[in-house]
Amino acid sequence: MSAALPLHKIERSARVYLAQNPKIDGAGRQWKAQHDMMTRLASGGRLSVAIGAAGAGKSTILEPLVDAWK
């Protein structure tokens with residue numbers, strides 16, 4: 001059994017997160033990279049790993065990911 005999340009749950013969670021954090025530019029390069037990482041982690045199945053430089057947004061995406069899994 002896969003633990004992958006359906007895309008609609010990931011997207012909903014990302015929209016809610018952006019609405020709650022108006023300082024984040026939803027059209028910006030940083031958010032697009034974070035959204036891509038979030039989608040890959042959530043749709044990959046049971047185990048995924050994110051590796052990135054400091055400030056890349058790894059911790060930022062945890063809140064919407066946890067929300068999507070609830």
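For a paramagnetic label modelled on Ser2 (point 7 Å from Cα along Cα→Cβ), amide N atoms under 18 Å away belong, within segment 39-70, to 39-49, 68-70.
Packing, as the average of other Cβ atoms within 10 Å across residues, places the peptides 10-16, 42-48 in the order 10-16, 42-48, highest first.
Per residue, the solvent-accessible area of the chain (1.4 Å probe, heavy atoms of protein chains only, all protein chains present) comes to 69 Å².
With Rh defined as the Kirkwood radius, the inverse of the mean 1/r over Cα pairs, the Rg/Rh of the chain is 0.95. Across the accessible surface of the chain, with the other protein chains kept in place and a 1.4 Å probe, carbon and sulfur atoms take up 58 percent.
A full extension of the chain between Ala50 and Trp69 corresponds to an added length of 5.1 nm, given 0.36 nm per residue minus the alpha carbon distance.
The values are calculated or read from the model by the stated rules, or taken from the named source; none is laboratory data. The structure presented is a predicted model; accordingly, all values stated were derived computationally and were not measured. Heads up, the Cβs are rebuilt from the backbone with ideal geometry, glycines too, and the neighbour counts pull from every protein chain shown. Side chains included, ligands, DNA and RNA excluded: accessible areas come from the protein's heavy atoms. Shrake-Rupley method; radii C 1.70, N 1.55, O 1.52, S 1.80 Å.
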